[in-house]
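A.B. asks: Pasting a structure below so you can have a look.
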């Protein structure tokens, strides 16, 4: 055998095919033109976020209220095929749609949990080119348990694929769901945090709902800031999330290890006496919008709230101090969502600290800081409004372009934080018009927190 | 970068970068596709490209990242051949040493393989390999040392276990 290093030094491959230089330039020019108009795609996304949120909030189930009526989702076992109008290509103009699987190659350190699936039906959409590269597949599996199991297997494979594994290609992280995405997301940063103008981060979003499992892959330039990629891609999938809820109840994967974006709770020893959140009627005054397809959920400790909401890539609620309890209620309707959430702490000092952390996080993200890079992304704009109360902050999150935004009021009283959030068809310029409704809703529930003060109100 | 400059750059670099990527990923066809795509992206960003000191390094890095992505591999598996591609050379017959070398390289961890190719095939000094791969110089040296040892062992018919091929 000859010297391998000398062989390597003289290694040469003669390419067998290539494009003419003029064709390379023509395609490059087309790519640049597409990139320049890509920002307009965000418009539809923001509206879709609002439309989908009712279903989104069903993610965590409800351990205090009655289960939702059976009519809110079809009976999964009778679903034999994916509905013909399932919007698999929503927001992906020009995508190739097929009835084949396109995510079977999903690979985390040699494990391909989607490789041998035998779905009853499958639908895919793929769009690639320049800064837009996205693949989506929805699998219809035999039953909800199968869909949840496959979703969990993907998450488990990703969690096992950590730096140091000789088969890993990038830095893998698992991101739990939030109010906009009741499933789970997995990011893999092939540039390992290095600045890169090229798409070097893949975000895989998974959502199991009934017997259906949606798996998507998006590439973007989020290296070093994968949280933005997760946020952007979830926003892009809002229409699909809503459509998935029509196929069954979302299933949230379990957590094998601590997720940096997941807010843990204090030890059980602290969740006694004053540490608990009383059974407050957080749904008081909600307008019934069920006739228009809306839904009220809660009060419940299990609903998805703002715990994992990211503000400029940072969790809205700090890791410390740890909350000792939570209670939520939500009300959704066409293009409207309201969320009320009470977060309890061990004492007033802890609640004050948590409020200060939240205030600092929100303030640091304003007046404007858009997300970075990536395929057809939706940049967010955060604004802080004066509340006139040192223990309260009002802020807004809107799409940088187009309609769709949320208003938040977070108040500290006693040993609790109260969050009132309303989402609607607002823009960055118009969202201030929603402040009066936000205040009215806050006024309904704020007195309830007197139960979480030492002296009462 | 003018059209003429880009065309000259493309003509001069395409085969060379394809060879380098082939050695890195072990698949000539995929290397060709990824390098092709990298050049398209380069032209779409030609203003930035003109500012780069080493545009070929940008092409190589971009092509490598495309290659390591599963998305890229999946698309390649499904996509029909591009009708605009021109055959520029008949496929060369298998050369025993080259086949063996590629087979051995594919058994190395990605990090060692990339370091070896950048240093020995791309002729980059260790410092530049470190910059291109984003790791310290010491790490590159370790990868080169272990990679060379592993490669030699893999290609030696009498060699024992390839204990040198550990991930660095």
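A.B. asks: What does the highest-first list of B:144-151, A:225-232 look like by mean Cβ count within 10 Å?
C.D. replies: Values: B:144-151: 21.1, A:225-232: 25.9.
Listed from highest to lowest mean packing, they are A:225-232, B:144-151.
A.B. asks: Separate question: From other protein chains only, count the Cβ atoms within 10 Å of every residue's Cβ in A:97-107, then give the mean.
C.D. replies: On the way: counts 0, 1, 0, 1, 0, 5, 3, 2, 7, 3, 3.
That works out to 2 on average.
A.B. asks: Which of the three applies to the range B:1-77, rounded, prolate or oblate, going by the alpha-carbon gyration tensor with a ≥ b ≥ c and a/c under 1.5 meaning rounded? Provide the component values of the computation, followed by the final result.
C.D. replies: Numbers: a/c = 2.12, a/b = 1.74, b/c = 1.22.
Since a/c reaches 1.5 and a/b is larger than b/c, the shape of the range B:1-77 is classed as prolate.
A.B. asks: Using a ≥ b ≥ c from the Cα gyration tensor of the range A:192-231 (square roots of the eigenvalues), is it rounded, prolate or oblate, where a/c under 1.5 gives rounded and otherwise the larger of a/b and b/c decides, a/b for prolate? Could you put the intermediate results ahead of the total?
C.D. replies: Details: a/c = 4.36, a/b = 2.96, b/c = 1.47.
Prolate shape, in that a/c is at least 1.5 and a/b is the bigger ratio.
A.B. asks: Modelling each spin label as a point 7 Å along the Cα-to-Cβ direction, I'd like the residue B:97/residue A:84 distance in nm, to one decimal.
C.D. replies: For the pair residue B:97/residue A:84, the computed spacing is 6.4 nm.
A.B. asks: Show me the ranking of peptides B:110-116, B:6-12, A:339-345 by mean Cβ neighbours inside 10 Å, starting with the highest. Write down the numbers at each step before the final one.
C.D. replies: On the way: B:110-116: 23.9, B:6-12: 16.3, A:339-345: 27.0.
Descending mean neighbour count gives A:339-345, B:110-116, B:6-12.
A.B. asks: A further question on this structure: Between residue A:93 and residue A:30, what's the calculated FRET efficiency when r is the beta-carbon distance and R0 is 22 Å? Round to 0.05. Walk me through the numbers on the way to the answer.
C.D. replies: Working: r = 15 Å, r/R0 = 0.67.
Efficiency at R0 = 22 Å is approximately 0.90.
A.B. asks: Same structure again: Looking only at other chains, what is the average number of their beta-carbon atoms within 10 angstrom of each beta-carbon in B:146-154?
C.D. replies: Numbers: counts 0, 2, 3, 0, 1, 4, 4, 1, 1.
Counting Cβ atoms of other protein chains within 10 Å of each residue's Cβ and averaging gives 2.
A.B. asks: Hey, another quick one. Determine the shielding of peptide A:206-218 by partner chains: average, over its residues, the number of Cβ atoms on other chains within 10 angstrom of each Cβ. Present the calculation step by step, with values, prior to reporting the outcome.
C.D. replies: Working: counts 0, 0, 0, 0, 0, 0, 0, 0, 0, 0, 0, 4, 1.
For this peptide, the per-residue mean of nearby foreign Cβ atoms is 0.
A.B. asks: Using R₀ = 30 Å, calculate the FRET efficiency as 1/(1 + (r/R₀)^6) where r is the Cβ-Cβ separation of residue A:437 and residue A:281; round to 0.05.
C.D. replies: Numbers: r = 20 Å, r/R0 = 0.65.
Calculated value: 0.95.
Read-outs throughout are calculated quantities, based only on the coordinates presented, and are distinct from any laboratory measurement. Because the structure is a prediction, the values reported are computed rather than measured. Heads up, the Cβs are rebuilt from the backbone with ideal geometry, glycines too, and the neighbour counts pull from every protein chain shown.
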